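The values are calculated or read from the model by the stated rules, or taken from the named source; none is laboratory data. Since this is a predicted model, take the numbers as computed values, not measurements. FYI the Cβ positions are ideal-geometry reconstructions off the backbone, even for glycines, and counts take in every protein chain you see. Keep in mind that these areas ignore ligands, DNA and RNA; they rest on the heavy atoms of the full protein, side chains included. Shrake-Rupley method; radii C 1.70, N 1.55, O 1.52, S 1.80 Å.
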Amino acid sequence: QVQLVESGGGLVQEGGSLRLSCAASGLIFSHYTMGWFRQAPGKEREFVGCINRGFSTYYSDSVKGRFLISRDNAENMVFLQMNGLKPEDTAVYYCGADSLGRGLNRGAYDYWGQGTQVTVSS
C-alpha cells in the first residue's frame, strides 16, 4: 500500500521560510518523479515543482528562484524548501508520485499525500 505523508506546514510571516517534507512508503521511490502541488481555497490544484529520477528539477514561474526541491532516495523522502514566502503562497501543499515522468501534469500522478497547510501572513 502506497503512502505519501507530508509534514512541515504552518503559519509564517511574509518573507519567511518553511521546509516541507514528504515521506513515501510502499513504492520503489527512486523510480518515481516526485512533485509538489498546491491548492488555494476556490482554486484548482496547481503545479509547484518536481524532481525526476535523475534529480533534475522543474518549477513553476511563480516559485522559481524562491523554492527548492530535493530528494533523498535512501530515506524515501522529498523536500520542498520555501524561501521568501508571500501571502499568495498560502495553500494546502501536496506531494505526488508519478511513475511515467510527466511531472508537470497533475493528471499524470499515481499517488497523492493528504496535504499540509501553509499560511503566509502579511
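Tabulated values for the structure
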| item | result |
| --- | --- |
| Unmet requirement for Arg19, which otherwise passes all of (1) under 15 Å from Tyr94 (Cβ atoms); (2) in a strand (DSSP E or B); (3) not polar (S, T, N, Q) | (1) |
| Condition check for Asn105: modelled with pLDDT of 95 or more and of a type outside the set (D, E, K, R) | no |
| Residues located in the range 24-41, provided they are assigned to a strand (DSSP E or B) and exposed (fewer than 14 other Cβ atoms within 10 Å of the Cβ) | Ser25 |
| Test: residue in the range 13-20 that is acidic (Asp, Glu) and open to solvent by 30 Å² or more (accessible area, probe 1.4 Å) | yes |
| Scope the range 1-53; condition among the small types (Gly, Ala, Ser) and either without any contact (Cβ under 8 Å) to a residue 40 or more places away in the chain or in contact with a Lys or Arg (Cβ under 6 Å, 6 or more places away or on another chain) (or both); matching residues | Gly8, Gly26, Gly42, Gly49 |
| Residue within the range 42-52 that is of a type outside the set (Asp, Glu), surrounded by fewer than 17 Cβ atoms within 10 Å (Cβ to Cβ), modelled with pLDDT of 95 or more and not in a loop (DSSP other than H, G, I, E, B) present | no |
| Answer residue from the range 53-103, given it is of a type in the set (D, E, K, R) and assigned to a loop (DSSP other than H, G, I, E, B) and is surrounded by the fewest Cβ atoms within 10 Å (Cβ to Cβ) among those | Asp61 |
| Every pair of residues 6+ apart whose Cβ atoms lie under 8 Å, when the first sits in the range 70-93 and is among the polar types (S, T, N, Q) while the second is not in a strand (DSSP E or B) | Asn73/Phe29; Asn73/Ser30; Asn76/Phe29; Gln81/Ser17; Asn83/Ser17; Asn83/Arg66; Thr90/Ala40 |
| Residue in the range 104-122 that is nearest to Thr57 (Cα to Cα), counting only those that are part of a loop (DSSP other than H, G, I, E, B) and more than 14 Å from the chain's Cα centre (by Cα) | Asp110 |
